[in-house]
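Here is the structure we will look at, set down as structure tokens.
The values are calculated or read from the model by the stated rules, or taken from the named source; none is laboratory data. Remember, it's a predicted structure, so these values are computed and weren't measured experimentally. FYI the Cβ positions are ideal-geometry reconstructions off the backbone, even for glycines, and counts take in every protein chain you see. Heads up: the accessible areas ignore ligands, DNA and RNA and are worked out on the full protein's heavy atoms, side chains in. Shrake-Rupley method; radii C 1.70, N 1.55, O 1.52, S 1.80 Å.
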Amino acid sequence: MHLGDVAEVSVQDVPPTSFSRLDGEPSLAIALTKTPDGNTVDVSHAVHEVLADAREELDADGVSTAVTFDQAPFIEESIEGLTTEGGLGLLFAVLVILVFLASIPATLVSAISIPLSLAVTFAAMNLTGYTLNILTLAAMTISIGRIADDSIVVIENIKRHLSYGEDRVDAIVTAVREVGAAITASTVCTVAVFAPIALVGGMAGELFQPFAVTVAIAMGASLVVALVVVPVLAYWFIRVPASADGGVAMREAAELKERRGAWQRAYVPSLSAALRHPAVTLGVAVALLAGTVALVPRMETNFIGNAGQDTLTVTQEFEPGTALAAQDEAAKEVEDVLADADGVETVQTTVGSGDGMAAAFGQGGGAGSASFALALQDDADGETVQDDVSEALDEADLTGEVTVAAGDSGFAGSTVDLVVTAADAEGLADAASTVEDAVTGLDGVADVTNNLAAEQATVQVTVDRDAAAEAGLTEATVSGLLAGAMNESSIGTVDLDGATLDVVVAGDMPATTAEIKKVEVPTAAGMLPLSDLVTVEEVSAPASITRVDGERSATVAVTPSGDDLGALSGTLTEEIEDLDLPDGAEVSVGGLAADQADAFADLGLALIAAILIVYLVMVATFRSIGQPLILLVSVPFAATGALGALLLTGTPLDVAALIGVLMLVGIVVSNAIVLIDLINQYRADGRPLDEAVKEGARQRLRPIVMTAAATILALTPMAFGLTGGGAFISQPLALVVIGGLVSSTLLTLYVVPVIYTLFERRTEDRAPKRAAKAARRAEKAEVKARHAARVAEELAAGTAR
């Protein structure tokens, strides 16, 4: 007898567990993930080269390929954009130097610090293992304006001394000595503010630690170039006519020219007025500060801005138990809608339990869902396309729940998660439903999903242990016999036409509860129906269960409709606090809101630590406890411009903006350090307080304005996001630094001299009293000494007698 006499043998396709299509055509999706030490761009290029090499062979077999998700173009475009913006910033900074110094040699000498410092930065990054990526390149691009500051101060002072007719070597040495300590302190402050970044944990710390290290390296290199290279180049290339009278006439002419300049004619009288009316000056400053505080509630806050990825993900959730064929038909309806959407290049669909493309995008692919990966056209705007796709899907009559999300940039999630926990399933379902209903429709909410799996119908078979024992069977034996009757069994493999195929034994499997009960089970007493040994019933059970710390949980995911994540988090918190939840049920806020709260708290502590570090650096520089406090006055006034810039442009305060605030702490005190240092030098030379303040402020006006203008214009391309490269990092940071520099520079030129004068005048007024008190103490000490001497003499005389 042959097998064919008792069974039907045939070659059949394996029943599908998922479907994959590209633009509606059946496809095989392959997801490639780089190794931890791999380079995304290199891997992408290698894959494209392999596909190109196999193009002819694939075409011959009628196979076409398409890349539906590739991070390399986004990275390359971002780097190219940041490089372009950095180049524009370099050009603008050089133009500022040229306009102020009106000398091509002096401009080139100071501008050479930028490429030299960047070259040192590249070399240091290579040694430390940092790669050139969006964050490190953004750090170098943002540093361009600040890199030139030290060299600007040095070359401006050298040029000023040379214009006085001084000997070239003496002029250069004197000029560098005058500003050397000040620019060293200011650069150390700029670098030191990034030290607390090491204390920042989470994603913010991971993102910005390489950023901070890169800025620190660039700043350190710029200081060395300013103190070592710039003076040498100035000696070689800057020429001034010799003076026959030792430079007296040239100095007088140069100082007269300085005083007649438009900047000094505007600044010196206004500074004198501010010094004559300190109460008015400080009153205006305090009013501006109070206005800044009043604007804080209007500020939007976010975690990290939109990275500008050119992909979207659409997810379609089905009712539990929906057949795969029904899911596929419903997914085709969504595909038809997406195919007609403007700006969409390709649509990759995964239906069912496939885990290829789903794994690549971190979404979809579950047994009750379909995932659609949308690659956008090169000129498409991601937010516009997302809005259009959402609107088109809402208008269509589709099966299941369909949601749209921006492609994951890898920097942060996209939802605020409300995590609901409860002791029992009924309480959890009630609480999750209550939370979902409460937050749906709130301002700032685009979409709400609940991951609590809906209950689905399940056939439950319960073995009657006593009946099974009487039949000579165990519970495990009954379960195994039923499993064998319900499933096909693989008994081996066979090679046919060069292919290895599984050999599967399939019979008539029960499809209803009645048929399950009729399954015959072999026992010692003969064949028995399964119903004699088990209870078969249809029950409802959740498709999946999630737990947090041992308690059953559900997550209500809220997708924000705008950029004001802080306001949405506050609204959600207020809403859930007022809910009447079942006993034992609790709700906590997680996701983006928790990430933002943690990052803001860490960066707030880092900001406080940075201010303390800057203060210690200035105490060491000025050997004074009081004067550094005067310089720190410029820090809160920087917030005025920073906040104003964000509000005027509608940019939320996010982690990148806070890094800008941190950077601003080091930058804004630089101008004050340069100013106060020269005033202290003049006072040490014996000049009266008022004269030292006015002359020091007058002399430092041009370098302060030059460095601020160079930094501002160098950051302007990034502030406008001209190329869009890395804008989610560089744009808010640039806006904060620009706004803060504008306000702090203006206030530094007026408020700092006023506070310095009040502080030092009070010190001078107390000097005579302290001198008199010291004299009285010395006189008393002398009297005591004479008295002690007389007593000693008397004792000595008495001993002698």
Report the label-to-label distance for residue 467 and residue 284 in nanometres (one decimal), using points 7 Å from each Cα along the Cα→Cβ vector. 9.6
Fraction of accessible area attributable to carbon and sulfur, the chain (%, probe 1.4 Å): 57
Packing-based order for 731-739, 41-49, using average beta carbon neighbours within 10 Å, highest first: 731-739, 41-49
Mean shadow area of segment 418-516 over all directions, Cα convex hull, nm²: 13.6
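Expressed in nm², what is the orientationally averaged projection area of the convex hull enclosing the Cα positions of segment 550-701? Could you put the intermediate results ahead of the total?
On the way: hull surface 55.5 nm².
Computed as one quarter of the Cα hull surface, the answer is 13.9 nm².
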Can you give me the Cα centroid spacing of segment 465-529 and segment 741-765 in angstrom? 91
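Which whole-number percent gives the relative contact order of the chain, counting Cα pairs below 8 Å spaced six or more residues apart?
Working: 1214 pairs, mean separation 160.2, N = 801.
Reported relative contact order: 20 percent.
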Rounded to the nearest 20 debye, dipole of segment 375-515 from Cβ charges on Lys, Arg, Asp, Glu: 900
Suppose each label sits 7 Å from its Cα in the direction of the beta carbon; what would the residue 762-residue 401 distance come out to in nanometres? 6.3
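Within the chain, what is the number of lysine pairs with alpha carbons under 21 Å apart, leaving out pairs fewer than eight places apart on the same chain? Let's see the in-between values first.
On the way: 159/257; 159/694; 257/694; 769/780; 773/784.
The number of close lysine pairs in the chain is 5.
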With a ≥ b ≥ c the root eigenvalues of the C-alpha gyration tensor of segment 1-48, is it rounded (a/c under 1.5), prolate (a/b larger than b/c) or oblate? prolate
Residue 11 - accessible surface, heavy atoms, 1.4 Å probe, Å² rounded to 10: 110
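Say R0 is 41 Å: what FRET efficiency, to the nearest 0.05, do residue 508 and residue 67 get from their beta-carbon distance?
Numbers: r = 46 Å, r/R0 = 1.13.
The formula returns an efficiency of 0.35 here.
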I'm a student and want to see the number: the projected area of the Cα convex hull of segment 450-574, averaged over all directions, in nm². 15.8
Cα Rg, Dmax, segment 1-105, angstrom units: 27.8, 107
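I need the calculated FRET efficiency for the pair residue 790 and residue 167, taking r as the beta carbon distance and R₀ as 60 Å, to the nearest 0.05. Could you put the intermediate results ahead of the total?
Details: r = 62 Å, r/R0 = 1.03.
According to the calculation, E is roughly 0.45.
Output the DSSP H helices from the chain with an along-axis C-alpha extent of no less than 27 Å and a mean Kyte-Doolittle hydropathy no less than 1.6.
On the way: long enough: 72-101 (43 Å, 1.51); 134-163 (44 Å, 0.81); 168-192 (34 Å, 1.10); 202-224 (34 Å, 1.38); 592-622 (44 Å, 1.81); 655-684 (44 Å, 1.81); 689-720 (43 Å, 0.46); 727-800 (95 Å, 0.20).
Counting only whole DSSP H runs, the qualifying helices are 592-622, 655-684.
Listed highest first by mean packing, meaning other Cβ atoms within 10 Å per residue, what order do 159-167, 525-533, 369-377 come in? Don't jump to the answer; show the numbers that get you there.
Details: 159-167: 20.6, 525-533: 14.6, 369-377: 23.2.
Taking the mean over residues of other Cβ atoms within 10 Å, the ranking is 369-377, 159-167, 525-533.
From the P(r) of the chain, can you give the percent of Cα pairs sitting at distances over 52 Å?
Numbers: 120339 of 320400 pairs.
For the chain, the fraction of Cα-Cα distances above 52 Å is 38 percent.
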Given a Förster radius of 45 Å and the C-beta distance between residue 458 and residue 392 as r, what FRET efficiency does 1/(1 + (r/R0)^6) yield to the nearest 0.05? 0.80
Solvent-accessible area per residue for segment 1-146 (1.4 angstrom probe, square angstrom): 61
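Can you give the extra length, in nm with one decimal, that the chain gains between residue 437 and residue 345 once fully stretched, where that is 0.36 nm per residue apart less the Cα-Cα distance? Provide the component values of the computation, followed by the final result.
Working: separation 92, 0.36 × 92 = 33.12 nm, distance 3.61 nm.
Once the chain is fully extended between residue 437 and residue 345, it gains 29.5 nm.
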Let's see if you can work this out: charge +1 on each Lys and Arg Cβ, -1 on each Asp and Glu Cβ, no other charges. What is the dipole magnitude of the chain about its Cα centre, in debye to the nearest 20? 10580
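Going by average Cβ neighbours within 10 Å, how do the peptides 566-572, 472-478, 702-708 rank, with the highest at the top? Please list the in-between numbers first.
Details: 566-572: 20.3, 472-478: 15.3, 702-708: 23.9.
Peptide ranking by packing, descending: 702-708, 566-572, 472-478.
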With 0.36 nm assigned to each residue of separation and the Cα-Cα distance removed, residue 59 to residue 28 gains 9.6 nm
Net length gained if the chain between residue 616 and residue 525 were fully extended (0.36 nm per residue, minus Cα distance): 23.5 nm
Going by amide H atoms built from the backbone, whose H comes under 5 Å of the H on residue 528, apart from near neighbours? 521, 523
Label-point separation (nm) for residue 40 and residue 486, each offset 7 Å from Cα along Cα-to-Cβ? 4.5
How are the alpha carbon pair distances in segment 48-105 distributed across 5 Å bins from zero to the largest one, expressed in percent? 4, 14, 12, 11, 9, 9, 8, 7, 6, 6, 6, 4, 3, 1
Centre separation in Å (Cα based) which lies between segment 773-797 and segment 632-692: 53
